[in-house]
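For reference, the structure is listed below as structure tokens.
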Amino acid sequence: MMMITSTSTMTHCTRSLLALALALALSPAVRAQAAPDTAGEQRAADELDEDSPHWPGFRGHRARGFAEGTAAPTRWDLESGENVLWRAPIPGLAHSSPVVWGDRLFVTTAVKQGETEPELKVGLYGDISSVADEGLHQFRLLCLDKRTGELLWSRTAHEGVPAVKRHPKSSHAASSPATDGEHVVAFFGSEGLYCYDLDGELLWQKDFGVLDSGFFLAPEAQWGFASSPVLHAGRVIVQVDVQEDSFLAAFDADTGEQAWRTPRHDVPTWSSPTVDVRPGRSQVIVNGYKHIGGYDLETGAELWKLAGGGDIPVPTPVVAHDLVFITNAHGRMAPIYAVSVTATGELEGTAEDEELIQYYQAKGEQVWQVAQCSIDSRSGCRKVRKAFICKPA
């Protein structure tokens, strides 16, 4: 199964030209993976196995970015319809990703009111300026039938003028929703956190005030919020790195009651948290610039910390081979780190730190071979530009 969100660049993405297509390999084996959403089904997203047909959040289950047990099309064509099961119009402008549970697909969008179209300027350019005041918006959560593309319901979570401006490349609906088969959570930054059931009934909502995600070196450059929530074991987890009073928090998915809230001393980031559960340790892992780290899933207590990431962190942490991979693509070093899942305390980021493999993506290096390096960086890395590159094994 492959979901595609497409944006027309012909008219800067009018409200009617943002479309979502579901491309599906046509073999019976793949179609058999579509599990019905029946009463009594085990719906806890934290218990999903690798063959699950669900895609509960940004980058899928535990941010792995892949789904086992299904064949995906290697090619598709929207114009001819090759390997495209359906195509449905989605109003507004949004950079969020769809999520799936059973036969239901959920996606967010921000719909600008009035006659003018929202500005979308893609490509490579260095302008840090925000889009000028855009007027009234509706912040919506939509539910579609995964099999047909039929719109099952649409809910307007909030209507108003966005409290924070956005970058011309971004949108006011950049955070992907999350679901566990019982709840659907949508996060619109300053416009609030909303939790619905699968039939679109609002269960609770949270207002965190103005959440200003922008360039910390030029506070007047507002770029919009983008971190996606995570639903795990009956809790909603949000990472809120903004200009002032950044925090990581967990809320009860049924009631919205705050379970814990831990301050973070970091500048604005746009990455999403990752949950890793294993015997002896369950943690929430976050990217950052001054404050990369792991936090106890139950209490929010800090387990380990690392400073020195990219200065505009966007990538979500990924866990594999008993390592936490932290990547960045901006900043003086744009470092990539591999941290032991059992790390504790404040990591130094040096060759003497045995819980850390740190390396820098120098031109031409095959950095993807880091998983073959020993966790003891003293035996597998060499110093380059005040960082460390893992040698191929």
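Throughout, read-outs are computed from the coordinates displayed, never taken from laboratory work. The structure presented is a predicted model; accordingly, all values stated were derived computationally and were not measured. Every residue, glycine as well, gets a Cβ built from its backbone with ideal geometry; the counts of neighbours run over all protein chains shown.
Here are a few things to note about the model shown:
- Order of Leu93, Leu141 - criterion: other Cβ atoms within 10 Å of each residue's Cβ, fewest first: Leu141, Leu93
- Our note on the geometry: Cα centres of the stretch 128-161 and the stretch 308-324, 29 Å apart.
- Under 5 Å from the amide H of Trp86 lie the amide H atoms of Leu22, each residue being 5 or more positions distant or on a separate chain, with H modelled from the backbone and absent for Pro and chain starts.
- Counting Lys and Arg as +1 and Asp and Glu as -1 over every other residue whose Cβ lies under 12 Å from the Cβ of Pro268, the net charge comes to -4.
- Evaluating 6.51 cos²θ - 1.76 cosθ + 1.60 at θ = phi - 60° for every residue in the stretch 299-315, the Karplus couplings come out as 10, x, 5, 6, 9, 8, 8, 9, 9, x, x, x, 7, 10, x, 10, x Hz, glycine and proline recorded as x.
- Residue exposure sequence - Cys143, Cys195 - by fewest surrounding Cβ within 10 Å: Cys143, Cys195
- Order by protection proxy (mean Cβ within 10 Å, highest first), peptides 157-164, 53-60: 53-60, 157-164
- Neighbour counts of C-beta atoms inside 10 Å place Asp252, Asp103 in the sequence Asp252, Asp103, starting with the fewest.
- Counted charge near His137, where neighbours are those whose Cβ lies closer than 9 Å (Asp, Glu -1; Lys, Arg +1): -2
- Most to least packed among 340-347, 276-283 [average Cβ atoms within 10 Å]: 340-347, 276-283
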